[in-house]
Amino acid sequence: MRLLGLDAALARASAALWEEGAVRAEARQDGARGQPAALPALVDSVLRDLAGAPDAVAVTVGPGGFTGLRAAIALGRGLADGWGVPLVGVTTGEAFTAALPPGQAAGREVWSVTTAGRGGLVLERPGSVPVMLEETSLPAPTGPVVLVGDAAAPAAARLRARGADVLLSDARLPQGGAVAAAAARKLAAGEPPRTAAPLYAEPLALRDPAGA
């Protein structure tokens, strides 16, 4: 299976060609959140030696920056339509999880904690809708967790101060290769592909900071 992975959710634009369990080519540009203008050139660089079309295009759908998400999804949709292949949406947390070293998440739930406007955070947990909240309103984990994302470090410090079993990972920004890997796992497992539409955080947690 061969996939093109695209990401511009946070402070990086990234594109990668993933094939049979490994990244064959990857290009990225860090800087202002999303770097969406850089993405087409990054795609060109990783597709330079591609013979034929990939089996699918995978793109991060969020949570993340408004402009970066929409630019990456639009580019992914155009490429997928042109090739006649599926466009698969991957959440930011799913991409982070796919990038973790083997065994790092063993026995731990992966929490993706990313920055939001006005000093807030966005928390994405497996099987839950992402929520926007204040750092002081982070819910207490019910078991061991591993934190990923650009706001993982302060979140880990706060949760540890409350006695939580927290492992802080090195995964701070998504990567196109991990986006493709996450999509490939879903396709191989026969899971229905996620629609490639922007996924924004539910803001109600700012008004309801209960530790659920």
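List of remarks:
- HN-Hα J in Hz across the stretch 140-150 - Karplus 6.51, -1.76, 1.60, θ = phi - 60°, x for Gly and Pro: 7, x, 8, x, x, 9, 10, 9, 10, x, 6
- Interchain or long-range residues, amide H under 5 Å from Arg24's placed H: Leu17, Trp18, Glu19
- What separates the Cα centres of the stretch 1-44 and the stretch 58-111 is a distance of 10 Å.
- Long-range HN-HN contacts of Val88 with modeled amide H, under 5 Å: Val57, Ala58, Val59
- Cα pair distances exceeding 20 angstrom across the stretch 95-171, given as percent: 22 percent
- Calculated FRET efficiency for the pair Arg48/Arg118, C-beta based, R₀ 45 Å, to 0.05: 0.65
- The modelled label-to-label distance between Thr142 and Val129, using points 7 Å beyond Cα along the C-beta direction, is 1.9 nm.
- Integer Hz, Karplus 6.51/-1.76/1.60 couplings in order for the stretch 57-72, x for Gly and Pro: 10, 10, 9, 6, 9, x, x, x, x, 4, 5, x, 4, 5, 5, 5
- Scalar couplings 3J(HN,Hα) for the stretch 45-52, obtained by applying the Karplus form with A = 6.51, B = -1.76, C = 1.60 to θ = phi - 60°, are 5, 7, 9, 4, 9, 6, 9, x Hz; x denotes Gly and Pro.
- For the stretch 11-61, the alpha-carbon coordinates run over 32, 21, 15 Å along the three principal axes, in decreasing order.
- Neighbour cut-off at most 12 other Cβ (10 Å), DSSP loop, trypsin sites (Lys or Arg not before Pro), the stretch 45-123: Arg48
- Going from the residue with the fewest nearby Cβ atoms within 10 Å to the one with the most, Leu75, Leu168 rank Leu168, Leu75.
- Ordering 188-195, 119-126, 40-47 by mean Cβ neighbour count within 10 Å, with the highest value first, yields 119-126, 40-47, 188-195.
- Charged-residue dipole, Cβ positions (Lys, Arg, Asp, Glu), the stretch 95-171 about Cα centre, Debye nearest 20: 140 debye
- Whole-number Å³ per residue for the convex hull built on Cα positions in the chain: 111 Å³
A short reminder: the numbers here are calculations on the coordinates, not readings from a lab. Note that the structure is a prediction, hence the values are computed from the model and not measured. Note that we place each Cβ from the backbone using ideal geometry, even for glycine, and neighbour counts take in every protein chain shown.
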